[in-house]
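Presented below is the structure to which this report refers.
The values are calculated or read from the model by the stated rules, or taken from the named source; none is laboratory data. As the structure is a computational prediction, the values presented were derived from the model and not from experiment. A quick note on method: Cβ atoms are made from the backbone with ideal geometry, for glycine too, and the neighbour counts reach across all protein chains shown. Side chains are part of the model used for accessible areas, which takes the heavy atoms of the whole protein and leaves out ligands, DNA and RNA. Shrake-Rupley method; radii C 1.70, N 1.55, O 1.52, S 1.80 Å.
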Amino acid sequence: MGIKAVCPGSFDPVTYGHLDIIQRAANVFDHVIVAVLNNSSKKPLFTVEERMELLRQVTSEIPNVEVDSFNGLLIDYMKKKGANTIVRGLRAVSDFEYELQVASINRKLDDSIETFFMMTNNKYSYLSSSIVKEIAKYHASVSDLVPPEVEEALMRKFGHV
């Protein structure tokens, strides 16, 4: 069976930074589940279904990646999926403090689950979904920040097509 890892996030939308972490996780772990968080307290641009479809499109060439969604506690989802490793990308030192808190709580909830931190490629260290949405909203090109499928979806969302 091998090691099953979960790469959780909102992915609203998926960026090249996310894809960098997903591809590298797929090189390390036997099976990677990209799990889209369905957080009812946030107002995402894309629905969970749209985010999942975009992720499926842009990860279709990575055979050991599966796309799924969850709500509630990540630890409960991990147990349900039989996964034992959480993969989180870090862009900067500022990400680390928050991620360390989350990893510590997850460890308290279930000490059999490990968190694996991966530093994002330097060329994506400034990149976030929020920045991508802000740029796309004002008709600027995001072609070097997101895959073409995602850029098209953003253009449709913002009525640029």
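Assess whether Val102 counts as being open to solvent by less than 90 Å² (accessible area, probe 1.4 Å) and farther than 24 Å from Asn27 by Cα. Criteria met by Val102. Is it fair to say Ser125 is within 16 Å of the chain's Cα centre (by Cα), open to solvent by 40 Å² or more (accessible area, probe 1.4 Å) and among the small types (Gly, Ala, Ser)? In short, yes. Taking (1) in contact (Cβ under 8 Å) with a residue 24 or more places away in the chain; (2) within 22 Å of Val14 (Cβ to Cβ) in turn, Glu49 satisfies each apart from (1). For the stretch 78-95, a residue qualifies if it is over 30 Å from Pro148 (Cα atoms) and either assigned to a loop (DSSP other than H, G, I, E, B) or without any contact (Cβ under 8 Å) to a residue 40 or more places away in the chain (or both), and the qualifying residues are Lys79, Lys80, Gly82, Ala83, Asn84.
Scan the stretch 1-20 for residues that are farther than 24 Å from Ser41 by Cβ and of a type in the set (A, V, I, L, M, F, W, C) and report the count. Result for the stretch 1-20: 4.
Scanning the stretch 113-132 for residues that are over 20 Å from Asp144 (Cα atoms) and of a type in the set (Val, Ile, Thr) yields a count of 2.
Please indicate, with yes or no, whether at least one residue in the stretch 24-42 is of a type in the set (Lys, Arg) and in a strand (DSSP E or B).
No - not one qualifying residue is present in the stretch 24-42.
Any idea which of Ile75, Ile135 is more than 16 Å from the chain's Cα centre (by Cα), touching a residue at least 24 places away in the same chain (Cβ under 8 Å) and either on the phi < 0 side of the Ramachandran plot or part of a loop (DSSP other than H, G, I, E, B) (or both)?
Answer to the check: Ile75.
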